[in-house]
Amino acid sequence: MTAEPLLVPHPDAGVLARAVAARLITALVDGQAERGEASVVLTGGGIGIALLRAVRTSPAFDVVDWSRVDVWWGDERFVAADSPDRNERQAREALLDHLPVDPARIFPMGHPREPAADDAAALKAATVAAAQYAELLASRAAPGTNLPVFDVVLLGLGPDGHVASLFPNLPGVMSTEAVVAVGNSPKPPPVRISLTLATIQSARQVWVIVAGEEKAQAVAAAFAGAGPIEVPATGAVGRERTLWLADRAAASRLPTAR
Ligand SMILES: O=C(O)[C@H](O)[C@@H](O)[C@H](O)[C@H](O)COP(=O)(O)O
């Protein structure tokens, strides 16, 4: 295995979702065989939720002991707990509500406790929630460390090269904190919470999952040597393995694309 990013092509988005679901099931089973438990960091976005649905309908889904899986989020839209926009809610509907998970091992990011008076107040509340998530991460880390070693971090890719809620040229990209609040996300909603690249890099495996022609330019820029300030996804690397799992359209602007 290598942490050097490796692009794995897939014919289309449907096959991609099913293939990543199979890969995820295998990674969790392997983690449980080796360490007795496993962990995954979920992503929002179209392909991120589609792959959760594909896990649910996979014939192999019950090979995983879901009661021994820690579930984290890479980012969250800072909106009301019952908002359909929340990544947590979408993940629960797509998969988690249908599995025998241990509720004590599901770690959603925070949400506003009350409607904020303005964007500044919302950012302030998100900053508190981000710090609380960092504490939660530390509470599940090995003694002497601040972060758990995630088995797999799942990330969608934005057309601008963002992953989680780390956007090009915004301060969150280079943050050395574990978790950041984002107050001016170019992708709605504007206020978000995100793991930082430093935290994502603590994972054994990082998978950037990308479908669609509108992502092709960002994929090409990443593999042409762009840095994380310009294309944040390039900073999302795992300790053992970094995979870019792409459909044909997303990989179409790579020099080797056929
Ligand atoms: O909460 C979010 O919006 C995300 O976590 C974000 O990083 C997403 O994964 C990408 O924007 C890709 O989203 P799509 O797959 O919908 O394009």
Q. Given the structure, is residue 97 open to solvent by 20 Å² or more (accessible area, probe 1.4 Å), more than 20 Å from residue 165 (Cβ to Cβ) and among the acidic types (Asp, Glu)?
A. yes
Q: Give region 209-258 a look and list any residue that's assigned to a helix (DSSP H, G or I) and over 18 Å from residue 50 (Cα atoms), or say none.
A: 216, 217, 218, 219, 220, 221, 222, 223, 232, 233, 234, 235
Q: Please give the number of the condition residue 164 fails out of (1) on the phi < 0 side of the Ramachandran plot; (2) within 15 Å of the ligand (Cβ to nearest atom).
A: (1)
Q: Could you please tell me which pairs satisfy a Cβ distance under 6 Å, a separation of 6+ or placement on different chains, a first residue in region 149-174 that is farther than 17 Å from residue 237 by Cβ, and a second residue that is near the ligand (Cβ under 6 Å from one of its atoms)?
A: 165/75
Q. In this structure, does residue 235 turn out to be farther than 28 Å from residue 116 by Cβ, modelled with pLDDT of 95 or more and surrounded by 18 or more Cβ atoms within 10 Å (Cβ to Cβ)?
A. yes
Q: Report the residue count in region 51-82 for those that are open to solvent by 30 Å² or more (accessible area, probe 1.4 Å) and away from the ligand (no atom under 14 Å from the Cβ).
A: 13
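Residues that are assigned to a loop (DSSP other than H, G, I, E, B), more than 12 Å from the ligand (Cβ to nearest atom) and out of contact with any Asp or Glu (no Cβ under 8 Å at 6 or more places or on another chain): does region 120-128 have at least one? Outline the logic, then answer.
Within region 120-128, the subset assigned to a loop (DSSP other than H, G, I, E, B) is none.
Checked against the condition, which is being assigned to a loop (DSSP other than H, G, I, E, B), more than 12 Å from the ligand (Cβ to nearest atom) and out of contact with any Asp or Glu (no Cβ under 8 Å at 6 or more places or on another chain), region 120-128 yields no hits at all.
Under the condition of being assigned to a strand (DSSP E or B) and more than 10 Å from the ligand (Cβ to nearest atom), which residue from region 36-50 is surrounded by the most Cβ atoms within 10 Å (Cβ to Cβ)? Can you show your working first?
Residues of region 36-50 that are assigned to a strand (DSSP E or B), as a first pass: 38-42.
Checking the rest, the ones that are also more than 10 Å from the ligand (Cβ to nearest atom) come to 38-41.
Working: 38: 24, 39: 23, 40: 23, 41: 26.
Ranking the qualifying residues of region 36-50, first place goes to 41.
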Q: Output the qualifying pairs, or none if there are none: Cβ atoms under 6 angstrom, residues six or more apart or on different chains, first residue in region 70-91 and assigned to a loop (DSSP other than H, G, I, E, B), second residue among the charged types (D, E, K, R) and more than 11 Å from the ligand (Cβ to nearest atom).
A: none
Q: Within region 5-46, track down each residue that is among the basic types (Lys, Arg) and either touching a strand residue (DSSP E or B) at 6+ places or on another chain (Cβ under 8 Å) or touching a residue at least 60 places away in the same chain (Cβ under 8 Å) (or both).
A: 23
Q: Would you mention how many residues in region 191-213 are within 18 Å of residue 246 (Cβ to Cβ) and either crowded, with 22+ Cβ neighbours inside 10 Å or away from the ligand (no atom under 13 Å from the Cβ) (or both)?
A: 7
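The values are calculated or read from the model by the stated rules, or taken from the named source; none is laboratory data. Given the structure is predicted, the values throughout are model-derived calculations rather than measurements. When we count neighbours, we look across all protein chains shown, and the Cβ atoms used for this are built from the backbone with ideal geometry, even at glycine. Surface accessibility is based on the protein's heavy atoms, side chains included, excluding ligands, DNA and RNA. Shrake-Rupley method; radii C 1.70, N 1.55, O 1.52, S 1.80 Å.
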